[in-house]
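The values are calculated or read from the model by the stated rules, or taken from the named source; none is laboratory data. These numbers come from a predicted model, not from an experiment. Heads up, the Cβs are rebuilt from the backbone with ideal geometry, glycines too, and the neighbour counts pull from every protein chain shown.
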Amino acid sequence: MKKTSNAFAVPYLLWIGLFVIAPLVLLLYKSFFDIQGNLTLANYATFFGSWTYLRMSLNSIFYAGIITLVTLIISYPAAYLLTKLKHKQLLLMLVILPTWVNLLLKAYAFMGIFGQQGGINAFLTFVGIGPKQILFTDFSFIFVASYIEIPFMLLPIFNALDDIDDNLINASRDLGASDSQTFTKVIFPLSLNGVRSGVQSVFIPSLSLFMLTRLIGGNRVITLGTAIEQHFLTTQNWGMGSTIGVILIMAMLATMWLTKERRK
């Protein structure tokens, strides 16, 4: 039986080795070479010594933080409401359904909605306000990114809330706690694991967004993901692109460590 179990593990180990470990090792290896192919630490010196890259890092953290906060504010009440409804699984599937649509298609759809001839500006013109510049703004970027990330925040929070034993809530009320006290002392603390998972699922991908910054933000929003794309596809400086990638991975690992559950 043990040999059979080990045999079943082989495909997973191959997958992890070829598509996770090997790319990470290659990324780390390439980060120590400059554009001429010389072994050097100059890429890291350039990154930490350049205000441009540090500003990109701060921008990435800032926008990822806003996107995470917006999705959390929307997703937690929505997930809590879903757990109280009769057909909660069906409604949850409808929330998750947009994730089945290709990201590029959703981006182009919002480009049409927010464009000068789009539905939003058509409505603003109809009510007499007139067309406004909505596309290629910080607002449009945060709005679209938050819309795309909401299911990834909502699902773990919903699962955490749905797993809470109703007897604990009833016991809290029997002991005289108000609805607000029950929520702050019982429901929210027991759902924190879902919140942590949601924050990880949203904040980490948001750090490296690059396609939305170009299509929706119009390159007005510059992040580390944008810099990586430019170095690999435009300047052909794979060493610098790999260096930024390594630093971004370290930031993601730090995020996972900061948001992990602390056992007392």
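Here is how the numbers come out for the structure above:
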read-out: Boolean, Thr46 is surrounded by 12 or more Cβ atoms within 10 Å (Cβ to Cβ) and touching a strand residue (DSSP E or B) at 6+ places or on another chain (Cβ under 8 Å); value: no
read-out: Boolean, Ser172 is surrounded by fewer than 19 Cβ atoms within 10 Å (Cβ to Cβ), polar (S, T, N, Q) and assigned to a helix (DSSP H, G or I); value: yes
read-out: Conditions (1) polar (S, T, N, Q); (2) touching a Phe, Trp or Tyr at 6+ places or on another chain (Cβ under 6 Å); (3) not in a helix (DSSP H, G or I): number failed by Ser201; value: (3)
read-out: Verdict on Gln89 being assigned to a helix (DSSP H, G or I) and surrounded by fewer than 15 Cβ atoms within 10 Å (Cβ to Cβ); value: yes
read-out: Residue within the range 228-236 that is of a type in the set (Asp, Glu) and touching a Gly at 6+ places or on another chain (Cβ under 9 Å) present; value: yes
read-out: Test: residue in the range 231-244 that is among the hydrophobic types (A, V, I, L, M, F, W, C), within 27 Å of Gly112 (Cα to Cα) and either surrounded by fewer than 22 Cβ atoms within 10 Å (Cβ to Cβ) or touching a Leu at 6+ places or on another chain (Cβ under 7 Å) (or both); value: yes
read-out: Qualifying position, being of a type outside the set (Phe, Trp, Tyr), surrounded by 17 or more Cβ atoms within 10 Å (Cβ to Cβ) and in contact with a Phe, Trp or Tyr (Cβ under 6 Å, 6 or more places away or on another chain), among Ile148, Ile134; value: Ile134
read-out: Number of the exception - Phe62 against (1) under 28 Å from Phe232 (Cα atoms); (2) out of contact with any Phe, Trp or Tyr (no Cβ under 8 Å at 6 or more places or on another chain); (3) in contact (Cβ under 8 Å) with a residue 60 or more places away in the chain; (4) not hydroxyl-bearing (Ser, Thr, Tyr); value: (3)
read-out: Residue in the range 244-264 that is nearest to Ser191 (Cα to Cα), counting only those that are assigned to a helix (DSSP H, G or I) and either small (Gly, Ala, Ser) or over 21 Å from the mean Cα position of the chain (by Cα) (or both); value: Ala254
read-out: Residues that are at pLDDT 90 or above and hydroxyl-bearing (Ser, Thr, Tyr), drawn from the range 179-209; value: Ser180, Thr182, Thr184, Ser191, Ser197, Ser201, Ser206
read-out: Checking Gln36 against (1) outside any helix (DSSP H, G or I); (2) in contact (Cβ under 8 Å) with a residue 60 or more places away in the chain, the condition it does not meet; value: (2)
read-out: So Val70, is it in contact with a Pro (Cβ under 8 Å, 6 or more places away or on another chain) and surrounded by 12 or more Cβ atoms within 10 Å (Cβ to Cβ); value: no
read-out: Residue tally, condition more than 15 Å from Met250 (Cα to Cα), among the small types (Gly, Ala, Ser) and under 17 Å from the mean Cα position of the chain (by Cα), over the range 20-69; value: 2
read-out: Options Leu97, Leu81, Leu104; residue that is in contact with a Pro (Cβ under 9 Å, 6 or more places away or on another chain), loosely packed, with under 14 Cβ neighbours inside 10 Å and assigned to a helix (DSSP H, G or I); value: Leu97
read-out: Matching entry among Asn219, Asn167 (being out of contact with any Asp or Glu (no Cβ under 7 Å at 6 or more places or on another chain), polar (S, T, N, Q), assigned to a helix (DSSP H, G or I) and surrounded by fewer than 16 Cβ atoms within 10 Å (Cβ to Cβ)); value: Asn167
read-out: Matching residues, the range 118-151, being closer than 20 Å to Leu103 by Cα and among the polar types (S, T, N, Q); value: Thr137, Ser140, Ser146
